[in-house]
Amino acid sequence: MKTTLRTMAVAVLASALLAACGGGTQAPPGSAPVAEAPSSTPPIAEAPPSAPAASVKRFQLEEVKPAEVVILSLQDLGLPADADSVTPSGAISNALLMDGTLRFSTPGDTGEDQEATLEIKSGAATTISHVLIRSQRLTAAQAYDDGPEEDGLPIPESPPLTVDGLGPNNTITGAPLTFRLQGIGALDLKDKSKGLVMDKNNNVLGRLEDFWSFNPTDSSFSISVSAMQRLLHTLPSGDLNLGLNFVSKDAEFAVNYDMLVIKQGAKVSGRLQSLNGDSVTMFAGRKILLKGYNEQMRAEAVVDANGTFTFENVIPDTYFLTWNDLRNPYIVSGSMAIFKNTTQASVTLVVPPNMLEANTSSAKLAAQRAGAGTPLSYVSGYVTQDGTPPPPRDIGTTEITPSARSATRAADGASATFSATSNGLGQDVITNINFTVPVGTKSVGVKMTVFTYEYPQYTRQQSIYNDTWAYSVVGLPATGLSANGLVNHSHYTQGRTSKTVCVDVTEQTRNAALTVSGFVRAINIGDYLLPTTTTVELTLACKGLSVSSARFLSPNANAHPVLNPIRTGANLPGPYLSIQQSDALPFGPYRLIQRSGSGASHTIPLEITYKPADAKITEVHIGISPDGGDPAFAADNLLGQAHTTDTPGKIKFPRLSLPTFAGSMLNGKLAVTVRIAGTVGDTPAISSDPAEGGKVEFDGATAFTPLYLAADVASLSGRRYGSRDAGGDSWATQRTINWLSNKPYRFDDISGKHVTQTANGRSILGHEGHSDGQQIDMRYADGRGGFGDALGGQGNGAQIKKLIDDAAAEVAGNAAQKPSLSALQAWIAANRALLDREAAHASTRVIYIGDSFIEHVLIDAKFPPGASAASTTIPGVTAWTKPAKVRTEAGHLSHWHISISARP
Ligand SMILES: [Zn+2]
């Protein structure tokens, strides 16, 4: 009997749609399979003219992340399920074809994007798949620029910045640090350049100008060993942000960079152990993959001859650990939280008895999968550390009695329930699945449920009590039966998540019974209270119509990445979903400058899998809800939009335009759910049950931060200035809109719809940032009590410049009346006051102001070079110590920019 096993893709990576790949460059549409490609795009099966041979196909796989086990259905890739061989090269060194799937593991994060090639042979045909492994923590300094403003200026090119002296993953050690801009010659950067160390809560921890010295021969800055010691003393351990602002003496050169750095994380010592506590030494050379859920640290370590492994500088976060065994992925895995002040941690991963068998015969492998010799339920991992766990919680009336660690209920031969609950701190509890499907069975129903008592209070706080869960159902010919996650991500909007899959097993049980195996697991993080329970229910029949999976995909049909900002330097992570509340244009003088074509532009691909596959689907509705239950479904039947149904059981919308959702703006996150309706056989029309499945996932997440169009808000529409971009350009979180509502400022770009970006991560609006709904461009104060266009910066600050020149002429000519000087003094005072005020807020990440004459008058209180009273102090104004969060940047003569933390 051949057991089909193509079901273990982690939800995060379950995606593997193909994109056309001509001559190595990805052609649009990004993730749209060929069947949906616009006619202008050559079919993926067609080799590009430069391809070596007609029998060689080239594919671009959807990009993957470092330190993952990736399992993709060959069928979904358009390849024969029985392909012969796979040969990896480049950054991927192990790959396997097994049970109709392509499997490979990705290496640890090097701080750079990595590339690999998988050559798959099937008979005479060869397929070459290109894979991009995108770094989640770039080590390079990321230049910031706010793109061309309204005046159509060219996009400024920032010189590359080299930083010497950082360790792996940008670890700050005691070594001296040097910052050097490439190709700028000798530029006097000494007095005006700044460097800032901040934590994730926008706290200023250190100013590099107090520690570095300038070397005029190559315009570099260095921090000596002794200065480094002083700096290190002031910094906490863990994940830090470095903001670097290099400004020339004449203020005509100003560039900014962001860097992710680490100060000395924990050393994690790991050990493989058998159920009875013995060291397991037979897996020397195998890799252990480490993945941080929040800060995205991803690394790999090699198991040595003693069965131990080590990770250095692990920053505080919640982690998932697993080995890279492609035949038995995730069976050996665990979770751990590393606390803030942890310096040493030890983690034990239990290898179940069925894995301790060296024999790799197919009979033994089948026994391994069935979990032969392994107890039904056991503790599969432990963590100890020297750091301080969070203080005990008073959970009051919500306290629950610790129940049995796990339970298995086999009600009768026709169904069984497997569950795991962890009531111990950091204890990883696993329950094996073992279920026999009798010969002649037509279908198997699988319901996967994760329930957590951490919801609502602790998941909404994004607390440290961030329990983790995982399940994997093995042996059924279906995808989407394997996932892992943590409750802060998965249970922000609801306490219970459910997913139902109905699997046709007619083929598999034609001649013999089918064994279903796998596991459910749960880990209690932070303390033993408020546990999380993972449950899988298996039944020998399924009824009705169910949505097995629903996924948004990126990039979209125009090859633009959407929903998640891919550049992490200047953007806070998503996903963000733009929710249009009305089709109507507001009344009043500003209605003509509202969104242009926000409906159909910047679409999102949506893919729905449903069971039974032969159902005739007549309606697809999409709904949103803040609490997971009872979604508000839009009236629009999505089948009215372009879609394909080439594969039974699948509907793909290559360019979905979300319907409008009326109602109040949500200060939190929302879940998106699809509901389908149709007929199965001769039965009357039925609908899927949203409580049983249909949550839309994106990159492993089901909670989306909604963005709303600020210019549509009645109190704000009159304050929007500048030209309009397609799709709307002022999409903002509810908190950003609140922020603006409570201020008098006139604003321009915030973010584009669905934070659409270019392939290299620039916002579709042309900015390096502006991809998180929390970055706003605004007019300067005009010094007359308002924010008028002229003195607010219109025309690249032309009127501000003229005011400065006029005031300088008054001073130089010793005019009796100096109205321009008075106006300039008022302009400076008003802008300094607003910048002082906004920089002081804890929610402020960074503020950018202009270089050149803006810098001269605002910071130095001097008339700029070239003005009548060049470089003399402006009468009645003294130099200003600008707040640490205010940085000088080119391209900001027409506006100032603020980045805030304004999301849940
Ligand atoms: Zn900006």
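The values are calculated or read from the model by the stated rules, or taken from the named source; none is laboratory data. The shown structure was predicted, so the numbers you read here are calculated from the model rather than taken from an experiment. Cβ atoms come from the backbone with ideal geometry, glycine included; neighbour counts cover every protein chain shown. We work out accessible area using only protein heavy atoms, side chains counted, and drop any ligands, DNA or RNA first. Shrake-Rupley method; radii C 1.70, N 1.55, O 1.52, S 1.80 Å.
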Counting only heavy atoms of protein chains, what accessible area per residue, in Å², does the chain have with a probe of 1.4 Å?
37
Enter the Cα centre distance for the pair region 207-233 and region 822-861, rounded to the nearest angstrom.
27
Kirkwood Rh over alpha-carbon pairs of region 779-904 plugged into Stokes-Einstein at 4 °C, 1.567 mPa s gives a D in µm²/s of 88
Rel. contact order, % - alpha carbon contacts under 8 angstrom, at least six apart, region 60-163
27
Bin width 10 Å, origin at 0, all Cα-Cα pairs of the chain: what percent of pairs per bin?
2, 12, 20, 24, 20, 12, 6, 3, 1, 0, 0
Would you mind pulling out the separation of the Cα centroids of region 51-93 and region 481-516, in Å?
25
Using eta = 1.002 mPa s and T = 20 °C, Stokes-Einstein with Kirkwood Rh from Cα pairs puts D for region 725-765, in µm² s⁻¹, at 194
Binned Cα-Cα distances of region 467-588, short to long, each 5 Å bin given as a whole percent
2, 7, 12, 14, 14, 14, 13, 10, 6, 4, 2, 1, 0, 0, 0
Could you give the distance between the Cα centres of region 731-765 and region 251-326, to the whole Å?
35
Could you compute the net charge surrounding ALA701? Neighbours are other residues with a C-beta less than 12 Å from the C-beta of ALA701; K and R count +1, D and E count -1.
+1
In Å, the Kirkwood hydrodynamic radius from C-alpha pairs for region 142-263 sits at 15.1
State log₁₀ I(q)/I(0) for region 658-713 at q = 0.16, 0.24, 0.26 Å⁻¹ as given by the Debye formula over alpha-carbon point scatterers of equal weight, solvent excluded.
-0.69, -1.07, -1.14
Restricted to pairs 8 or more residues apart or on different chains, the lysines in region 550-709 with C-alpha atoms under 16 Å apart form a number of pairs equal to 8
Quote the relative contact order of the chain in percent (integer), defining contacts as alpha-carbon pairs under 8 Å separated by 6+ residues.
10
Given region 550-709, what whole percent of its Cα pairs are spread farther than 29 Å?
21
When a/c reaches 1.5 or more, the comparison of a/b and b/c decides; with that in mind, is region 278-349 rounded, prolate or oblate per its Cα gyration tensor?
prolate
What is the sum of charges around THR234, taking Lys and Arg as +1, Asp and Glu as -1, for the other residues whose C-beta is under 13 Å from the C-beta of THR234?
+1
Among the trypsin sites (Lys or Arg not before Pro) within region 193-225, which fall in a DSSP loop and have no more than 16 other Cβ atoms within 10 Å of their own Cβ?
LYS200
